[in-house]
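The structure appears right after this line, and notes come after that.
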Amino acid sequence: HGYNTEDGTVISGALNLCDLAGSERLDRSGAGNDAKRLKETQAINKSLSCLGDVFSSLASGSSHIPYRNSKLTYLLQDCLSGDGKALMFVNLSPTMESAHESLCSLRFAQRVSQVELGKPTKHVTYKMGGSKK
């Protein structure tokens, strides 16, 4: 919360930082030989797929956005629902062995860049108890 003692306003906001890890390829990670790592890899891929579905729905202007399809998208709902601002960084590997994964990451980033979330709104509360957006 930010407080302005001169006019009595309180501005609230939140900052969410997520490291999305990137898609995990079973053949490169070696997770196929370890049941625990395999389950984690599958969960990462499912979360990223669900996030892609949310971005696709937002880009197409769908009336239903599938935020509840994964814990990740449910937690990011406030950031992506129009009141927030979202920024995505994509890290790529320069190696030839990672070319396919880098290409997949770039394609995902291209899908995300097609989404227009709208202008974020400022949430201001006044000392007298009224609120204004």
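The values are calculated or read from the model by the stated rules, or taken from the named source; none is laboratory data. Only a predicted model underlies this, so the values are computations on that prediction, with no experimental measurement involved. In this analysis, Cβ positions are derived from the backbone assuming ideal geometry, glycine residues included, and neighbour counts consider all displayed protein chains. The area values use the complete protein model at the heavy-atom level, side chains included, leaving out ligands, DNA and RNA. Shrake-Rupley method; radii C 1.70, N 1.55, O 1.52, S 1.80 Å.
Descriptive notes on the structure:
- Complete set of residues in the range 36-46 that are of a type outside the set (Ser, Thr, Tyr) and open to solvent by less than 80 Å² (accessible area, probe 1.4 Å): Leu38, Ala43, Ile44, Asn45
- Residue within the range 54-65 that is closer than 21 Å to Ala14 by Cα and without any contact (Cβ under 8 Å) to a residue 24 or more places away in the chain present: no
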